[in-house]
Amino acid sequence: MIGDYSTALIEWRLRAEHGSVTAQANLGNMYEIGAGVIQSNILAHQWYNLAASNGDITARENREALAKKMTASEISKAISLARKCMISGYSDCE
């Protein structure tokens with residue numbers, strides 16, 4: 001179903017928790033544009049950061065572009081969330 005964001009969110013979350021770089025980048029995009037979720041630059045940055053840390057060049061570029069629209073405090077929060085998520089093996093992610 002086109003526009004079925006709740007299913008996409010569940011699928012991408014599950015895949016992201018298993019280390020899928022594509023899923024992590026897709027979650028970043030969903031949060032950046034507010035597709036099926038409440039728009040959040042912090043959560044978008046977190047997921048782009050995770051995908052970028054795992055080698056996704058586009059996610060790195062998206063994270064850098066997004067960071068230009070964020071405050072230092074927001075970026076710090078996003079980095080902290082990404083660190084917590086990574087340390088937990090992707091099971092404790094916002």
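Any idea what the relative contact order of the stretch 4-52 is, in percent, if you count C-alpha pairs under 8 Å spaced at least 6 apart?
The normalised contact order for the stretch 4-52 reaches 33 percent.
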Let me have the 222 nm mean residue ellipticity of the chain computed from DSSP H runs of 4+ only, each contributing -39500 (n - 2.57), with the sum over all residues rounded to the nearest 500.
-22500 deg cm²/dmol
If you scale each eigenvalue of the Cα gyration tensor by 5 and take the root, what three semi-axes come out for the chain, rounded to whole angstrom and sorted largest first?
19, 15, 12
Percent RCO, i.e. relative contact order, over the chain, from Cα pairs under 8 Å lying at least 6 residues apart:
23
Check: the stretch 5-87 dipole with +1 on Lys, Arg Cβ and -1 on Asp, Glu Cβ, in debye:
200
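Every number in this text was worked out from the coordinates using simple rules, so none of it is lab data. Computed from a prediction, not measured in an experiment: that's the story for all the values here. FYI the Cβ positions are ideal-geometry reconstructions off the backbone, even for glycines, and counts take in every protein chain you see.
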